[in-house]
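K.L.:
There's a structure below that I have some questions on.
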Amino acid sequence: MTQATQLWPGEGRELAGHWPDALAPDRLGRLPYDTPFLACDLSTIDSRMARLQAALPGVRPHYAVKCNPSAEVLRRLAALGAGFEVASLGELELLLSLGVPSRDVLFSNTIKPGSHISAAAAAGVTRFAFDCESELRKIAARAPGSSAYIRIRVDDSTSRFPLSRKFGAESRDARALMLLARDCGIEPYGVTFHVGSQCSTPSAWRSAIASVGRLLHQLAEDGVQLTMLDLGGGFPARYIEPLPPIEQYGRAITTAIDELLPYRPAVVVAEPGRYLVAESCVMVSSVLGREVRAGEEWLYVDVGVYNGLMETQQTLNEWSYPLWTSREDHQTARLIPFTVAGPSCDSADTMFLATSLPATMDIDDRLMIGSAGAYTLSYASNFNGFPPPTPVYLG
């Protein structure tokens, strides 16, 4: 059996992780909304943005739209001065509809439909990522005269969600690809990398920046100086396990830039997603049923894998969200292990194994899932006729 998700990290049964005051469990338990709903506190995004900018002075965050594409979140981040990173024309069109200028957008998907490149260029986007020759030639054909930044493969072994198998040019190929960009009439603009989503090790950025430094040295020999360094994403949010503070990440990155690069590029950006929005939301669900199956206690709730909790499947049921309940006795009741499943008729719709919850749990009780602002709405579907959670903005 996989490791249990922890409801309370100690005998005192304190709330785990970060739970915004505006989303206090006693308040959520009384709200009149039908479940499932996603309660959001936008002021949490304000504080996370401020803390990230203080930790990385001179680095402009470009929010990864895929993480949570709600218009309210995007408007809030735009008002805070964020740029944005998109992976598709659909994400770009959403930003443009909200008044985000195209100059503030990076198109960081390294393999894009040609029609998306053409439409993005027509809308004024000038900066496109690539990691192979075929994509570079596609950009040259569809967005002539634009600027290209190469994504290099780096070590992402200390992240919860590695990405390097699917994306990233090998370091030994990056120099030739950037020179080919110049030959194709595309500006060799920058370099980017991604240490993997939810990276728990600040030194991962130092290792990646060392690879960037070697590329910058090589290109300097060819008379090429890059304008942009994109630090990618991977900055983690707090769920259950303790993490280094963002200030430790900032120190590691700042020191690496100063020590390992032959020059500091004029534009330095990052692509945070989870760090900015995960802790701003709590998913509120209701218990639909409780059964004993093969000696295991099961709870069935009205939100599941297909309604926003896909990351529990991606991590083989080991993704640990902070949990709370609406029960009046939740601080005193005996805890027992439950398997928690979603509402659909798919057996894979099972989120948590051996999760400690009050033994008194019953139908219509509410189960609240903290740190649910990232990769929930964006993954949610109407599978089996069950709707995604309704976003509710409370702060």
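The values are calculated or read from the model by the stated rules, or taken from the named source; none is laboratory data. Being a predicted model, the structure only gives us computed values, none of them experimental. Cβ atoms come from the backbone with ideal geometry, glycine included; neighbour counts cover every protein chain shown.
K.L.:
Any chance you could count how many residues in the stretch 330-369 are in a loop (DSSP other than H, G, I, E, B), of a type in the set (Ser, Thr, Tyr) and either in contact with a helix residue (DSSP H, G or I) (Cβ under 8 Å, 6 or more places away or on another chain) or not assigned by TED's automatic domain parsing to the domain that holds Val287 (or both)?
P.N.:
Within the stretch 330-369, residues that are in a loop (DSSP other than H, G, I, E, B), of a type in the set (Ser, Thr, Tyr) and either in contact with a helix residue (DSSP H, G or I) (Cβ under 8 Å, 6 or more places away or on another chain) or not assigned by TED's automatic domain parsing to the domain that holds Val287 (or both) number 1.
K.L.:
Give me the residue from the stretch 232-253 that is touching a helix residue (DSSP H, G or I) at 6+ places or on another chain (Cβ under 7 Å) and more than 22 Å from Glu279 (Cα to Cα) and, out of that set, surrounded by the most Cβ atoms within 10 Å (Cβ to Cβ).
P.N.:
Ile253
K.L.:
Could you list, in sequence order, the residues of the stretch 48-67 that are exposed (fewer than 15 other Cβ atoms within 10 Å of the Cβ) and not charged (D, E, K, R)?
P.N.:
Once the filter is applied, which keeps residues that are exposed (fewer than 15 other Cβ atoms within 10 Å of the Cβ) and not charged (D, E, K, R), the stretch 48-67 yields Ala50, Ala54, Pro57, Gly58.
K.L.:
Suppose the filter is surrounded by 20 or more Cβ atoms within 10 Å (Cβ to Cβ), in a helix (DSSP H, G or I) and in contact with a Gly (Cβ under 8 Å, 6 or more places away or on another chain); does Ala204 pass it?
P.N.:
Spelling it out, Ala204 is indeed surrounded by 20 or more Cβ atoms within 10 Å (Cβ to Cβ), in a helix (DSSP H, G or I) and in contact with a Gly (Cβ under 8 Å, 6 or more places away or on another chain).
K.L.:
Look at the stretch 275-296 and say how many of its residues are farther than 22 Å from Tyr393 by Cα and in contact with a Pro (Cβ under 7 Å, 6 or more places away or on another chain).
P.N.:
1
K.L.:
Exactly one condition in (1) more than 24 Å from Pro20 (Cα to Cα); (2) not in a loop (DSSP other than H, G, I, E, B) is not met by Thr312; state its number.
P.N.:
(1)
K.L.:
Mind listing whichever residues of the stretch 354-365 are at pLDDT below 95 and either polar (S, T, N, Q) or under 20 Å from Tyr306 (Cα atoms) (or both)?
P.N.:
Listed by number, the residues that qualify are Thr355, Ser356.
K.L.:
What are the residues in the stretch 162-192 that are part of a strand (DSSP E or B), at pLDDT 95 or above and touching a Lys or Arg at 6+ places or on another chain (Cβ under 7 Å), if any?
P.N.:
Once the filter is applied, which keeps residues that are part of a strand (DSSP E or B), at pLDDT 95 or above and touching a Lys or Arg at 6+ places or on another chain (Cβ under 7 Å), the stretch 162-192 yields Pro188, Tyr189, Thr192.
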